[in-house]
1. Tell me, please, whether a residue that is in a loop (DSSP other than H, G, I, E, B) and within 30 Å of Pro49 (Cα to Cα) can be found in segment 234-253.
2. What's the total number of residues in segment 386-408 that are within 25 Å of Ser327 (Cα to Cα) and buried (at least 24 other Cβ atoms within 10 Å of the Cβ)?
3. Would segment 282-302 turn up any residue that is on the phi > 0 side of the Ramachandran plot, surrounded by fewer than 16 Cβ atoms within 10 Å (Cβ to Cβ), in contact with a strand residue (DSSP E or B) (Cβ under 8 Å, 6 or more places away or on another chain) and in a loop (DSSP other than H, G, I, E, B)?
4. Has segment 142-149 got any residue that is of a type outside the set (A, V, I, L, M), closer than 26 Å to Gly438 by Cβ and assigned to a helix (DSSP H, G or I)?
5. Among the strands (runs of 3 or more DSSP E) contained in segment 481-580, which hold 3 or more residues that are modelled with pLDDT of 95 or more?
6. Asp125 - would you say it is open to solvent by 20 Å² or more (accessible area, probe 1.4 Å) and over 30 Å from Thr65 (Cα atoms)?
7. Would you pick out the residues in segment 352-385 that are free of Cβ contacts under 8 Å to residues at least 12 places away in the same chain and crowded, with 23+ Cβ neighbours inside 10 Å?
8. Would you point out the residue of segment 1-39, among those that are touching a helix residue (DSSP H, G or I) at 6+ places or on another chain (Cβ under 9 Å) and open to solvent by 30 Å² or more (accessible area, probe 1.4 Å), that is farthest from Ile59 (Cα to Cα)?
Amino acid sequence: MSRLVIDPVTRIEGHLRVEVQVDAGRVTEAYASSTMWRGIETIVEGRDPRDAWLFAQRICGVCTTVHALASVRAVEDAVGAVPPRNARLLREIIAAALFVHDHVVHFYHLQALDWIDPTAALKADPARTASLAQSISDYPRSSAKLFASVQARLGAFLASGNIGPFTNGYWGHSAYRLSPELNLLAFSHYLDALDFQREYVRVHALLGGKNPHPQTYVVGGMASPIDLTSQEAINDNTLAELAQLLTRGLDFVDKVFLPDLYAIAAGYPEWTRYGAGLGSYMVFGDFAQAPQPKGRPQAGGLFPGGIIRDANLSSVEPFDPARIAESVAHSWFRYDNVSDKAGHGAGAALAPWKGQTTPDYTGPKPPFAHLDVDGKYSWLKAPRYDGIAVEVGPLARMLVGYASGDARIRPLVKGALDRLQLPPTALMSTLGRVLARGLETKLMAQYSLELLDRLRDNVGSGDLTIADTSKWHPSTWPAGRARGVGFHEAPRGSLSHWVVITNERISNYQAVVPTTWNASPRDERGNPGAYESALVGTPVLDPRRPLEVLRTLHSFDPCMACAAHVYDADGRDIVRVRVQ
């Protein structure tokens, strides 16, 4: 038996340490630790709640806009502001575009290197690569000449020895099994995706002023004026450019992303047997183009809400926000003056309304060999739904939509399963998680164009309203104390912001984010989170190059903030996988 330490896990957003026990070539125990804390929740305390979204959005620059949206929804829920239809449509277009941009970037630039080996692409025949490309898609950039050029460019890059993010790759690992031609095809699209994402993100610049962190949200609506004849507002030219960008997004998903995903998935069928994890899933529900009901997420939207327990796809129970609570039993926080009937004391779980964010680092002094997994070992809390750990994100949304019989999601998922000749339960896996993200990208690319059409129609009817200002002044708010919650289905999963306003200032603020759900440590009962559960059973062929562990971790798209390989001044690698 050996203990592997991967610190930091790279090709993610943020600082993540993972320790796994490996016995007879399989992971038997896993522990995930977030190794940073920034305290945005405490920073906003005492501030004007109308400003909260500006601070909350800085929780992450990659998951940009999602925290702004959840934050303004929370404050609107507290004070009773209702954003008008144009504002809701603008917000949803920004959010839908983020899904497409974020999922494409994740697949090609954060996870693809777990499945493709760029060094193998140097052995490919460009003519055969062109034949392969043309057999799976009519994407125009599929000629033998282009692939020969990409191969030469890749060869020169690797020969330079200055290969940046490819430096610590496990190239030549026996777990890589794709043909040289498919490796070359996928690497060519890796480069194309860099160009695509740079252009596509202009959607946010047009509607939000910039990316990351669009600046046009406001409690009660949006701050982007609409006037089809004005050069100083969202006008006909803006809408035409948006249509071009959103159409290009759907085209890239249909002709590049999904064909690549299906081709790669066909090469790794065994990965539908690994990474299942918890088997319980949660979706709030979102994208209904309607005001958020008081204290609850939207219903009847693009993503139906619900809970799946114990991998039972025959039953989806309604989501109840009152069942959310967070434990800090294994987290570097403390709860003061808290106990529960089970006698867990400071390890008891608290509902977000009563949440506390008091840092209390009790871990070993860095550098250290191992986490103290019997005690506290992470800067993440452990959110639980009705006392159980649940997975959130694309897989949860596709499973809940499929099991609910959703008119959009079920045929989309069924078509993919039929194409790969897989049963629905195969989605509950590392590869299923990757496939779900791809299917969701297509869903959102289509939906973004529908949203734009609805915005055009609404503006064409003469409605130019973008904000409800009736609840802007604090004198219109509930006297003394108010509380609100904002729900949003973000690319990485179910996101909620919870605010308590006392005498016109924020007295408590809690953000329960997707990666907190998925990457959480054990709770007060010792139950693992989604990462920790999914890693159990993962094969490890070479303990010094745990590629398989990264495949499952990356399938969740971890987001702690941006991170990369670290070197000292002489270029020596100081990020190591330790086998002990």
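The values are calculated or read from the model by the stated rules, or taken from the named source; none is laboratory data. In this text, all values refer to a predicted model and were calculated from it rather than measured experimentally. As a convention, Cβ positions derive from the backbone with ideal geometry for all residues, glycine included, and neighbour counts pool all protein chains shown. Surface accessibility is based on the protein's heavy atoms, side chains included, excluding ligands, DNA and RNA. Shrake-Rupley method; radii C 1.70, N 1.55, O 1.52, S 1.80 Å.
1. no
2. 9
3. yes
4. Yes.
5. Ranges flagged: 481-490, 493-502, 505-512.
6. yes
7. Answer for segment 352-385, where residues must be free of Cβ contacts under 8 Å to residues at least 12 places away in the same chain and crowded, with 23+ Cβ neighbours inside 10 Å: there is none.
8. The qualifying residue farthest from Ile59 (Cα to Cα) is Glu29.
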